[in-house]
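The values are calculated or read from the model by the stated rules, or taken from the named source; none is laboratory data. Bear in mind that the values here come from a model prediction, so they are computed numbers and not experimental data. Cβ: placed from backbone, ideal geometry, glycine included. Neighbour counts: every protein chain shown. Quick note on the areas: whole protein, heavy atoms, side chains included, nothing else; ligands and nucleic acids left out. Shrake-Rupley method; radii C 1.70, N 1.55, O 1.52, S 1.80 Å.
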Amino acid sequence: MSNLQVLAKYLPYIFDGSLWSLGLVGAGLGIGFAIGVLMSLGQVYGNPLIRKIVDAYTWFFRGTPLLVQLFLFHWSVFPAIGLRTTALETSMLVLGMRSGAYQSQIFRGSIESIEEGQVLAAKALGLSFWQQSLYVVLPQALRKAVPQLSNEYSIILKDSAVCFVLGVMEIMTRTRYVTIATGIALIPYLIAGALYIALTYLGAKAFDMVYSRIRIQGLVTG
Amino acid sequence: MTAAGEVLRVENLRKRFGKEEVLKGISFKVDRGEVKVIMGPSGAGKSTLLKCIDLLIPPDEGSIWLEGVELTSPGINVNQYRRKIGFVFQEFNLFHHLTAIGNVMLGLTKVRKLPKNEARELAEEALLRVHIGRDLWDKYPAQLSGGQKQRVAIARALAMEPSIMLYDEPTSALDPQLTGEVLQVIKELAESGMTSVIVTHEVGFALEVADELMIMFDGEIIERGNPSEVIYSPESDSAKVFFKKVLRLGGVGR
Ligand SMILES: Nc1ncnc2c1ncn2[C@@H]1O[C@H](COP(=O)(O)OP(=O)(O)OP(=O)(O)O)[C@@H](O)[C@H]1O
Ligand SMILES: [Mg+2]
C-alpha cells in the first residue's frame, strides 16, 4: 500500500474526531452558558462582593492561556480537590469555565441594554427577582446575545484543538496520529483545517437560523 | 385601625437623594372609589412619591398603609402587596418580547399563579375594558401605537385586580392626538369606581375626574382641595405661577 492509500484509509478516523470536537464545544458552550448567565446577573444586580468575585473569575479565565488552564486544572486543581477527571472531562470543564467568563461579558452587555423601565414594571406587578430575570430580562437579553454566541461558538471550536495536549481524541489529536503513522504532514493538516472551516460554517448557519426564528416581531435592533 | 373606606394612607413620607430632599413629609389618604389628581412642576417629586408608594423606591421615613396593612413595616413580603397596586408608567414599559395579551397574562400566571386558560380569559376582559380589540391581542409592543401601548399597560395593571391604580403622567409621552383615547379609558375606570391616584398635567382632565386635587411643589403638598377651586383660585404664589403656565399651555381658560 502506498502512503496515500494508507492516508485514505485513515480519513474516516480523522472525520470521527469532529464528533469529539463538537462534544467539547457543546459541553463548553453549555457549561459556559450556565456560568455566564448566573455571573452576568451577579455582575449587573449583585452586591459589591459578588461583583468582585465575578470580576476576579473573568480576569483569570480571560487573562491566562487555555493551555495553562488545562494543565493547571488537570494536574493540580482537580486532583487537589479530589476530582479524578479524565482528559475529556477536564477539557469539557475547563472549556466551560473559560467560555463562562466570556459569555458573562456577552450577557452582561445584553442585560444592560434592556430598559430599566421594563424591570420596574415587572417589579410593580409583584414579580420576584428571579421571576423578573427569568420571564422579562433573560428572554430578551439572550435573544440579543445570539449573534455573539455564534461568535463564541467559532472561537471555542478552535480552542478545542488545544485539548490535544491532554490526548482527547478530537480532530487535532487524530490528525497528529495520522501524520505519524503515514509520514505525511501536509494533507492531513489541510484536511483538519478544512474540517474546522466546515464546522465553523455550519455552526454559524445554525445560529443564524435560530436567530431569525426567535427575533421579536417589529423590533428593529441588532 | 383603618376607616372603613380607606384604601391608601401615606404618613409623613420623606425621601432624599444625596443632599436633595425630594419628599419633605407627604401625608394624605385615599378612600375607596376616590380619584386623587396630583399636579406640580417638573422636579417637584411626583414620580418619586408614586414610586415610594409602590416601594419601587424605598422611602427614608414615614409609613404607607394599604387597606390597613403597613407596607413599610419590616419583614413584609413586598411582592404580595405590589400586585395590589397597579402602576402605569409614563413610558409604558411594556415587555418587548411578549404580545399585548402576553404582557397582560404574565402577572396573572406568575404572580397570581392562575392556570393559563383562566389567565387568558381575565386578560381578554382587561384588554376589552381598555378598548384593545381582538385584532391587536397578538401584536408585539413594537407593532402598536403609543396610545395602544399605554392602554395595554393599563390592562396589564388592571388584570391584577388592584386595590388602587397609580398613574404617573400616563399621557406625557404620547402625541397630542393620542392622549384622548388614554384619558378616556382612565376616566371610564375612575367612573366605574376604581380608586386612583393620577399625576398629570392635563387640566381639563383633572377638572373632570378629580375628587381632590393636590398641588406638589418642591417635595411638599402646598395646596389641596376641590379641583376647580384649586385651579382657578389657588392661594399660594407658587401654585398661581404654575397654573398660569399650565393654563396658557393647555389652552383651558375661563
Ligand atoms: N434616582 C434618583 N437619584 C437622584 N435624584 C433623583 C432620582 N430620581 C429623582 N431624582 C431627583 O428628585 C427630584 C424629583 O424628581 P421626580 O422625578 O420625582 O419629579 P417629578 O415631579 O416626577 O418631575 P417630572 O414632572 O419631570 O416627572 C428631581 O430633582 C430629580 O432630579
Ligand atoms: Mg415624573
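So, for segment A:2-214, what is the accessible surface per residue at a probe of 1.4 Å, expressed in square angstrom?
48
Across peptide B:104-114, how many C-beta atoms of other chains are within 10 Å of each residue C-beta, on average?
Taking all residues of B:104-114 together, the mean is 3.
Rg to Rh for segment A:2-214: what is it, with Cα atoms only and Rh by Kirkwood?
1.07
At what distance in angstrom do the alpha carbon centres of segment A:75-104 and segment B:90-143 lie from each other?
44
Counting DSSP beta bridges in chain B, what percent are antiparallel, to the nearest 5?
55
Shape call for segment A:88-207 from the C-alpha gyration tensor, a ≥ b ≥ c root eigenvalues: rounded (a/c under 1.5), prolate (a/b greater than b/c) or oblate?
Note, shape of segment A:88-207 comes out prolate.
Quick one: of the DSSP bridges fully inside the protein assembly as shown, what percent are antiparallel, nearest 5?
Here the antiparallel bridges make up roughly 55 percent for the protein assembly as shown.
Sort A:Lys144, A:Lys158 from largest to smallest accessible area, using a 1.4 Å probe on the heavy atoms of the protein chains.
Ranked from most to least accessible, the order is A:Lys158, A:Lys144.
Please give the solvent-accessible surface of B:Ser192 in Å², to the nearest 10, using a probe radius of 1.4 Å with every protein chain present.
Spelled out: B:Ser192, probe radius 1.4 Å, area about 70 Å².
Among rounded, prolate and oblate, which fits the protein assembly as shown when a ≥ b ≥ c are the square roots of the eigenvalues of its C-alpha gyration tensor, a/c under 1.5 means rounded, and a/b larger than b/c means prolate?
prolate
Given a cut-off of 21 Å, name the pairs among B:Lys51/B:Lys84; A:Lys123/B:Lys113; B:Lys15/B:Lys187; B:Lys24/B:Lys46; B:Lys51/B:Lys244; B:Lys15/B:Lys46 whose C-alpha atoms lie farther apart than that in the structure shown.
B:Lys15/B:Lys187; B:Lys51/B:Lys244
At a 1.4 Å probe, what is the % contribution of carbon and sulfur to the accessible area of chain A?
Of the solvent-accessible surface of chain A, carbon and sulfur hold 68 percent.
Quickly estimate the mean residue ellipticity at 222 nm for chain A, helices only: each DSSP H run with n ≥ 4 gives -39500 (n - 2.57), and the total goes over all residues, rounded to 500.
-26000 deg cm²/dmol
With a 1.4 Å probe, what is the total accessible area buried between chains B and A, in Å² rounded to the nearest 100?
2000
Mind checking the mean number of beta-carbon atoms from other chains within 10 Å of the Cβ atoms in A:112-122?
Neighbouring Cβ atoms belonging to other protein chains average 5 per residue here.
Ordering B:Ile154, A:Ile53 by how much accessible area each has at a 1.4 Å probe, largest first, what is the list?
The most accessible residue leads, giving A:Ile53, B:Ile154.
Under the definition of Cα pairs under 8 Å and six or more residues apart, what whole-number percent is the relative contact order of segment A:17-121?
Here the relative contact order equals 50 percent.
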